[in-house]
Amino acid sequence: MFELRLVCPESAVEPISDALQALDALSVSAEDADADTQAEQALFGEPGLPPPAPGWSRTTVVALFTQEGAAREAAALLAAQDFFAGSLVQSVAPVPEQDWVRLTQSQFDPVAITPEFWIVPSWHEVPAAATRVIRLDPGLAFGTGTHPTTRMCLRWLAAHPPTGQRVLDYGCGSGILAIGAALHGARVVDAVDIDPAAVQATQANAAANGVSIHSGLPDAAHGLYDTVLANILATPLKVLAPLLCAHVAAGGALVLAGILERQTEELQQAYRPWLALQVADAQDGWVLMTATRAR
């Protein structure tokens, strides 16, 4: 297999990608040509912030071909097109043969939340010490248990088991927190996300773990909950403050993650009209913040 790499301006990405697909490329992908530099551009916005740019000013387009000749012929044909102006062929190079499934799996080992509570990918054996296990494979939705924010939320659940409680996981991603709540005895677990792929992933992961979770879009969250979990990012958490607090029952807990240490005070200020947030845990520059509604 051979990889053709091109660098092109934003205006040329679409016609070049379409042309590569017409030239029988096995796959075509795009990435920021200035990634990991000061010129790197973010394409994913957050609520309350100005919309991001529609594309990178300099984009690396990568196409895979089965034969070197096909990759070089594609490069030559593209170079002759008017829409290729301002673009350049960076390289044509062989792609090393690898067992991609095994390579992907090797990046995900079992994760210990507590000595007894583990996240274990399906291709691994369950550690002998594990008495409570979440089986979770990497997928399209966020949440594999490797990020500090997820681990802190799961540690909190292990330390404060929601036995018999009604729990809401807002921004559920893979459903890992909802599954953790169900495994720790929650009576009802609602998991919601704005991404339909996350809703589907949550259902599939819940089934794989033998737990019952109600998943859906945000309007599926209704009423009061004994525990409300939200592992998102600081900006959307600030926007969601009144909504999340409105779901916390008397005596209930609000658990927020996705917050950098330097963002602690601004989150406390955003939630002050409803609840008093405190830092409950910290790891690798991230914090877990919690609050309890008075009975």
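The values are calculated or read from the model by the stated rules, or taken from the named source; none is laboratory data. Because the structure is a prediction, the values reported are computed rather than measured. Ideal geometry is used to build each Cβ from the backbone, glycine not excepted, and the neighbour counts take in all protein chains shown. Surface accessibility is based on the protein's heavy atoms, side chains included, excluding ligands, DNA and RNA. Shrake-Rupley method; radii C 1.70, N 1.55, O 1.52, S 1.80 Å.
Overview of values
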{"item": "Where 194, 232 fall by accessible area, highest first, once all protein chains stay in place (1.4 Å)", "result": "194, 232"}
{"item": "Residue-level accessible surface for residue 11, protein heavy atoms, 1.4 Å, Å²", "result": "100 Å²"}
{"item": "Prolate/oblate/rounded label for the stretch 178-295 (Cα gyration tensor, a/c 1.5)", "result": "prolate"}
{"item": "Dipole axis of the chain (+1 Lys, Arg; -1 Asp, Glu on Cβ), positive-most option in 246, 13, 211", "result": "246"}
{"item": "Farthest toward positive dipole pole in the stretch 229-295 [+1 Lys/Arg, -1 Asp/Glu at C-beta], among 257, 237, 275", "result": "275"}
{"item": "Size of charge dipole - the chain - debye, nearest 20, with Cβ of Lys, Arg +1 and Asp, Glu -1, no other charges", "result": "1440 debye"}
{"item": "Estimated 222 nm signal from helices in the chain, with DSSP H stretches of n ≥ 4 weighted -39500 (n - 2.57), rounded to 500", "result": "-8500 deg cm²/dmol"}
{"item": "Prolate/oblate/rounded call for the stretch 145-208, Cα gyration tensor, a/c under 1.5 rounded", "result": "oblate"}
{"item": "From the coordinates shown, log10 I(q)/I(0) by the Debye sum over Cα atoms at q = 0.06, 0.07, 0.15 Å⁻¹ corresponds to which of (1) -0.21, -0.29, -1.18; (2) -0.26, -0.35, -1.27; (3) -0.27, -0.36, -1.10", "result": "(3)"}
{"item": "Accessible area, probe 1.4 Å, largest first, for residues 124, 160, 247", "result": "160, 124, 247"}
{"item": "Max mean-square fluctuation residue, GNM over the chain, Cα-Cα springs under 10 Å, options 32, 190, 169", "result": "32"}
{"item": "Max mean-square fluctuation residue, GNM over the chain, Cα-Cα springs under 10 Å, options 58, 132, 187", "result": "58"}
{"item": "Separation between Cα centres of the stretch 161-230 and the stretch 1-36, rounded to whole Å", "result": "38 Å"}
{"item": "Surface share of carbon and sulfur [accessible, 1.4 angstrom probe, percent] for the stretch 118-260", "result": "59 percent"}
